[in-house]
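The values are calculated or read from the model by the stated rules, or taken from the named source; none is laboratory data. Since the model is a prediction, treat every value here as computed from it, not as a measurement. Quick reminder, even Gly has a Cβ in these numbers, built from the backbone with ideal geometry, and neighbours come from all protein chains shown.
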């Protein structure tokens with residue numbers, strides 16, 4: 001086998017890239033990670049899922065996360081924007097042991113911890129470095145990098161693309177997308193001070209406020225600041241024909257629940273906008289190049305699955321290339337297909353939850369006080385991130401989705417009323 005500069009080159013220093021680097025170094029692979037930004041840098045996606053904890057324990061990063069002072073997260077609260085309906089999802093009620101809690105994180109700090117951990121394990125990290133071209137011949141990869149010193153070529157047997165949603169580095173593999181399955185959505189968000197929080201365990205809950213055509217997230221990220229964002233469709237944004245910050249405020253003003261939560265809030269930074277939330281690449285692996293995390297695909301963030309899917313796909317990618325590397329070969333067609341299928345199947349569990357969330361009748365089933373046939377513990381496990389559908393979860397999820405379909409015809413539970421603003425009881 002021809003000698004290369006590195007065994008593995010990883011593009012992107014977010015959670016997926018840093019986790020992949022940590023796993024690769026644990027296997028003794030010579031690892032280079034390149035990141036186009038300097039850290040710390042702002043990122044959205046501050047709410048973790050408990051299933052992420054076990055992966056970070058495997059890489060050795062978990063004690064550093066525990067010591068970082070992040071806010072504990074024990075569950076989530078779901079509210080209607082203009083109605084009394086509310087639902088708590090408490091992770092203690094999961095069917096799966098070990099999913100009781102996780103953290104809400106400031107991504108700049110969180111991502112920095114994971115990247116520093118990969119560096120401590122022996123990863124060579126180059127910041128402010130962009131991939132300009134990549135040529136793979138089935139034996140290795142020639143990658144052109146650009147930094148402040150100019151352009152240079154490096155070689156690596158494997159490349160893991162964990163560059164996120166940004167298409168700074170594009171290939172024909174990344175241009176081919178699966179057909180869209182939902183409306184294109186966008187988010188308008190900022191960090192705020194002055195957002196009230198519930199007391200006790202609920203203080204760290206993610207709060208989701210469901211609008212008739214979208215939703216708000218409210219996520220505490222430290223003692224003072226709260227991440228708040230509006231998710232709506234691109235079509236709704238175009239019809240409104242106003243600046244994103246105005247659209248955000250209009251949505252708050254129309255909702256009794258949001259007026260209560262945001263009445264004294266002040267932004268601590270300018271509003272950000274993210275669009276094109278839902279996509280998936282058609283092919284996630286080639287002989288020596290695999291897509292990881294958001295570079296592979298991303299679904300709506302309603303159930304906070306982004307960081308978890310990123311680190312889980314990083315774990316799967318490194319396991320796959322380590323096996324092939326020991327046999328001095330690239331990935332077979334079957335291995336590439338199985339990797340693509342596994343990532344999409346795992347993410348697809350969250351996609352079905354997202355479809356449920358946006359369907360008013362299905363959401364009524366989710367929000368009812370007692371979900372029929374004691375299905376809620378299984379749903380809680382999945383909302384906590386357990387997308388590996390073991391039998392106790394599989395049958396409960398299937399029955400829940402069946403009840404959602406029946407709800408359209410038979411109103412098994414009382415339907416929700418998405419009506420005009422009305423008074424609601426105080427949250428928390």
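Each row is one residue, and each column tells you yes or no for (1) touching a strand residue (DSSP E or B) at 6+ places or on another chain (Cβ under 8 Å); (2) in the same structural domain as residue 384 (by TED's automatic domain parsing).
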position: 285; (1), (2): yes, no
position: 292; (1), (2): yes, no
position: 324; (1), (2): no, no
position: 336; (1), (2): yes, no
position: 348; (1), (2): no, no
position: 358; (1), (2): no, yes
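Report, by residue number, each residue of the stretch 89-102 that is crowded, with 19+ Cβ neighbours inside 10 Å and over 29 Å from residue 255 (Cβ atoms).
Listed by number, the residues that qualify are 94, 96, 99.
Which residues, counting only those in the stretch 199-211, are more than 18 Å from the chain's Cα centre (by Cα), buried (at least 16 other Cβ atoms within 10 Å of the Cβ) and not in a helix (DSSP H, G or I)?
209, 210, 211
How many residues, within the stretch 142-167, are more than 25 Å from residue 111 (Cβ to Cβ) and either in contact (Cβ under 8 Å) with a residue 24 or more places away in the chain or out of contact with any strand residue (DSSP E or B) (no Cβ under 9 Å at 6 or more places or on another chain) (or both)?
3
For every residue, the table says whether it meets (1) touching a residue at least 24 places away in the same chain (Cβ under 8 Å); (2) out of contact with any helix residue (DSSP H, G or I) (no Cβ under 6 Å at 6 or more places or on another chain).
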site	(1), (2)
6	yes, yes
20	yes, no
31	yes, no
47	yes, yes
54	yes, yes
62	no, no
79	yes, no
83	yes, yes
88	yes, yes
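For residue 187, indicate whether it is out of contact with any helix residue (DSSP H, G or I) (no Cβ under 7 Å at 6 or more places or on another chain) and assigned to a helix (DSSP H, G or I).
It is false that residue 187 is out of contact with any helix residue (DSSP H, G or I) (no Cβ under 7 Å at 6 or more places or on another chain) and assigned to a helix (DSSP H, G or I).
Given the residues 416, 353, 331, which is the only one that is within 30 Å of residue 250 (Cβ to Cβ) and part of a loop (DSSP other than H, G, I, E, B)?
416
Sort out which residues of the stretch 160-190 are buried (at least 23 other Cβ atoms within 10 Å of the Cβ) and more than 18 Å from residue 236 (Cα to Cα), and write them in order of number.
160, 161, 162, 163, 164
Which members of the stretch 290-330 meet the condition of being over 27 Å from residue 234 (Cα atoms), surrounded by fewer than 23 Cβ atoms within 10 Å (Cβ to Cβ) and in contact with a helix residue (DSSP H, G or I) (Cβ under 9 Å, 6 or more places away or on another chain)?
Once the filter is applied, which keeps residues that are over 27 Å from residue 234 (Cα atoms), surrounded by fewer than 23 Cβ atoms within 10 Å (Cβ to Cβ) and in contact with a helix residue (DSSP H, G or I) (Cβ under 9 Å, 6 or more places away or on another chain), the stretch 290-330 yields 315, 316, 319, 320, 322, 323, 324, 330.
Which of the numbered conditions does residue 348 fail, given that it passes all the others? Conditions: (1) assigned to a loop (DSSP other than H, G, I, E, B); (2) modelled with pLDDT under 95; (3) at negative phi.
Just one mismatch for residue 348, condition (1).
How many residues does the stretch 364-393 hold that are closer than 23 Å to residue 306 by Cβ, in contact with a strand residue (DSSP E or B) (Cβ under 9 Å, 6 or more places away or on another chain) and not in a loop (DSSP other than H, G, I, E, B)?
Selection size over the stretch 364-393: 4.
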